[in-house]
Amino acid sequence: IELGPRLVAFLTQKFQDDPNLSVMNAAFEDAPLPTPVWDLVCSATAYHWIPTAQRMTRPHALLRSGGVLAIIDTIQVQDDDADHGYFERSQPVYARYWSNQTTFQPSPLPDEVEPPILAEVRASGLFDDVQLWRYRWDQHYDADAYMALVRSYSNTYELPPHTREQFLADLRAFVDAEDGARVVRPLVITLVAGRRR
């Protein structure tokens, strides 16, 4: 299930020879799917876009008894050895463009990170054996790759075009002054999974 028509076209073309995969252009909460027949509902770094009222009820309706809801998230964590304090030190650049970012909020520690969806799945009462797995996966960027990443963020995109380009230029200057003009994002990939009651 893919909301973006261009991604639907890309996936359809890429996997055209795979008879086991079909791609549907729809919102997950509206997709016309048979119920309850599915073994797995899986989302990778997108489930926060599903309306709150349907995050648990929709997969519960789709899954057969014992079927699994699996939600993958990417969460930045606190690790000064990995990022050398880059994110705290770069905060003044962000504060010039977003008034709500005047104080630095440290990320959670790698062994303590819990995605918000974990509590939601547990509290729903619709899934048993809810578990959390954590996988460390740091990402390394040169200045060009990091600017492309930051440009892709929705809050960057929402800036007026001239302001966006000025922010990116300021951030680029900050990154260029870093040792090796590189940024390391310390990340933990979380997997929350539970079986349909």
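The values are calculated or read from the model by the stated rules, or taken from the named source; none is laboratory data. Not measured: the values here are computed from a predicted model. Heads up, the Cβs are rebuilt from the backbone with ideal geometry, glycines too, and the neighbour counts pull from every protein chain shown. With ligands, DNA and RNA removed, areas are computed over all heavy atoms of the protein, side chains included. Shrake-Rupley method; radii C 1.70, N 1.55, O 1.52, S 1.80 Å.
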Q. Among (1) closer than 30 Å to Ala53 by Cα; (2) touching a residue at least 40 places away in the same chain (Cβ under 8 Å); (3) outside any helix (DSSP H, G or I), which single condition is Val183 missing?
A. (1)
Q) Can you name the residue in the range 8-23 that is of a type in the set (A, V, I, L, M, F, W, C) and surrounded by 13 or more Cβ atoms within 10 Å (Cβ to Cβ) and is also farthest from Thr190 (Cα to Cα) among such residues? A) Ala9
**Q.** Those residues of the range 41-79 which are more than 17 Å from the chain's Cα centre (by Cα) and open to solvent by less than 50 Å² (accessible area, probe 1.4 Å), in sequence order
**A.** Met56, Arg58, Pro59, His60, Ala61, Leu62, Leu63, Gly66, Gly67, Val68, Asp79
Q) Counting just the residues of the range 165-180 that are modelled with pLDDT under 95 and in a helix (DSSP H, G or I), which one comes out least open to solvent (accessible area, probe 1.4 Å)? A) Gly180
Q: Output the residue which, of all residues in the range 89-111 that are outside any helix (DSSP H, G or I) and of a type in the set (Val, Ile, Thr), is modelled with the highest pLDDT.
A: Thr103
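Can we say Gln131 is open to solvent by 60 Å² or more (accessible area, probe 1.4 Å) and either part of a helix (DSSP H, G or I) or free of Cβ contacts under 8 Å to residues at least 24 places away in the same chain (or both)? Outline the logic, then answer.
On the way: open to solvent by 60 Å² or more (accessible area, probe 1.4 Å): yes; either part of a helix (DSSP H, G or I) or free of Cβ contacts under 8 Å to residues at least 24 places away in the same chain (or both): no.
It is false that Gln131 is open to solvent by 60 Å² or more (accessible area, probe 1.4 Å) and either part of a helix (DSSP H, G or I) or free of Cβ contacts under 8 Å to residues at least 24 places away in the same chain (or both).
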Q) What are the pairs, 6+ residues apart or on separate chains, where a residue within the range 111-125 that is in contact (Cβ under 8 Å) with a residue 24 or more places away in the chain has its Cβ under 7 Å from a residue that is part of a helix (DSSP H, G or I)? A) Ile117/Tyr47
Q) From the list His162, His140, which residue is open to solvent by 70 Å² or more (accessible area, probe 1.4 Å) and over 21 Å from the mean Cα position of the chain (by Cα)? A) His162
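Looking only at the range 142-164, decide whether some residue is closer than 28 Å to Trp38 by Cα and of a type in the set (A, V, I, L, M, F, W, C). Even if it seems obvious, please write down each step before you answer.
First pass over the range 142-164, keeping only residues closer than 28 Å to Trp38 by Cα: none.
The answer is no, given that none of the residues of the range 142-164 is closer than 28 Å to Trp38 by Cα and of a type in the set (A, V, I, L, M, F, W, C).
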